[in-house]
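Enquirer: Submitted below is the structure of interest, expressed as structure tokens.
The values are calculated or read from the model by the stated rules, or taken from the named source; none is laboratory data. Here the structure is a predicted model, which is why all the values come from computation and not from measurement. Backbone-built Cβ (ideal geometry, glycine too); neighbour counts: all protein chains shown. To get the accessible areas, we keep the full protein, side chains included, count just its heavy atoms, and leave off ligands, DNA and RNA. Shrake-Rupley method; radii C 1.70, N 1.55, O 1.52, S 1.80 Å.
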Amino acid sequence: MTTIQKLRVIIADDHPLILMGIRELLSRDINLSVTAVAVSPSELVEHLQKNQPDVIITDYSMPGDGQYGDGMRFISYLRRHFPDVKLIILTMVSNSMIISSLYDAGVQGVVLKQDELSEVLVALHLLRQGVKYYPSNFKQDTQKDLLSSSVQERKKSLSPREFEVLRLFSMGNSISAIAKQLNRSIKTISAQKASAMRKLNVHNNQDLIAFCTQNNLFT
């Protein structure tokens with residue numbers, strides 16, 4: 001009889017009860033092995049540098065980590081530095097465009113925290129078969145439309161002025177410095193930056209920089 005190799009998993013979440021619940025759930029499956037748990041991005045990276053698993057299950061929002069951050073910035077870091085490890089994201093956010101952006105970033109599954117905890121097992125079993133896991137409320141018709149909205153299409157939606165503002169901002173220029181350089185008002189530059197962020201579906205400066213870096217927006 002052929003023995004199925006156990007899927008090695010690391011779990012990261014800054015909520016102890018969620019961390020304990022997932023670990024307990026996975027421990028009941030003989031085909032899974034939880035090799036480590038972490039309560040912060042820094043602790044997760046420390047584990048990964050010692051021993052890489054097959055799968056990372058990590059919370060999307062783990063604020064307070066000054067070294068690695070969280071959200072899209074941290075996901076981009078994981079994809080760059082541990083590209084062979086599969087990634088499942090836990091999140092309370094159910095917005096379809098945000099979920100779509102996570103798949104664009106290279107994750108294999110997004111599990112909503114408001115769903116049954118057993119969905120984590122479903123995601124892992126699909127991942128073993130090479131199939132991505134999508135949340136149940138991520139409707140098939142919406143899914144196809146959103147996933148067809150590729151990173152390239154988002155880039156093309158930027159106006160030349162928005163593109164230039166983002167390019168200068170990603171180089172480390174402040175809004176006031178960009179306004180002076182482009183001979184526009186601070187209010188105009190702020191509005192163009194905000195418009196560009198909406199088109200790219202990023203919600204703060206941290207995620208904006210991560211998006212530009214990850215997708216080589218200006219190279």
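Enquirer: Using a 7 Å offset from the Cα along the Cα-to-Cβ direction at both Gln67 and Ser174, what is the distance between the two label points in nm, to one decimal?
Expert: Output for this residue pair reads 3.0 nm.
Enquirer: For Val34, which sequence-distant residues (separation of 5 or more, or a different chain) have an amide H within less than 5 Å of its own amide H, given hydrogens modelled in the peptide plane?
Expert: Val9
Enquirer: Also, quick follow-up: Tell me, what % of the accessible area of the chain is carbon and sulfur with a 1.4 angstrom probe?
Expert: Heavy-atom surface of the chain belonging to carbon and sulfur, 1.4 Å probe: 52 percent.
Enquirer: Further question: On full extension of the chain, what length is gained from Gln49 through Ser118, given 0.36 nm per residue of separation minus the C-alpha to C-alpha distance?
Expert: Numbers: separation 69, 0.36 × 69 = 24.84 nm, distance 2.87 nm.
Full extension from Gln49 to Ser118 adds 22.0 nm.
Enquirer: Here's another thing I want to ask about it. Go ahead and collect, in residue order, the members of the range 186-219 whose backbone nitrogen is under 13 Å from a label point 7 Å along the Cα-Cβ direction of Arg167.
Expert: 217-219
Enquirer: Percent relative contact order of the range 1-100, based on C-alpha pairs within less than 8 angstrom and at least six residues apart? All intermediate terms of the calculation are to be shown ahead of the outcome.
Expert: Details: 137 pairs, mean separation 27.3, N = 100.
Contact order relative to length: 27 percent.
Enquirer: Under 8 Å for C-alpha pairs, at least 6 residues apart: give me the relative contact order for the chain, rounded to a whole percent.
Expert: 15
Enquirer: Check each of the trypsin sites (Lys or Arg not before Pro) in the range 21-113 and keep only those in coil by DSSP with at most 12 other C-beta atoms within 10 angstrom; list them in order.
Expert: Values: sites: Arg23, Arg28, Lys50, Arg73, Arg79, Arg80, Lys86, Lys113; in loops: Arg28, Lys113.
Passing sites in the range 21-113 are Arg28.
Enquirer: A follow-up question, please. Residue separation times 0.36 nm, minus the C-alpha to C-alpha distance between Gln152 and Ser33: what's the value?
Expert: Going from the current span to full extension adds 39.0 nm.
Enquirer: In whole Hz, with x marking every Gly and Pro, tabulate ³J(HN,Hα) for the range 45-55 from phi via Karplus 6.51 cos²θ - 1.76 cosθ + 1.60, θ = phi - 60°.
Expert: Calculated HN-Hα couplings, in order: 4, 4, 5, 5, 5, 8, 7, 7, x, 7, 9 Hz.
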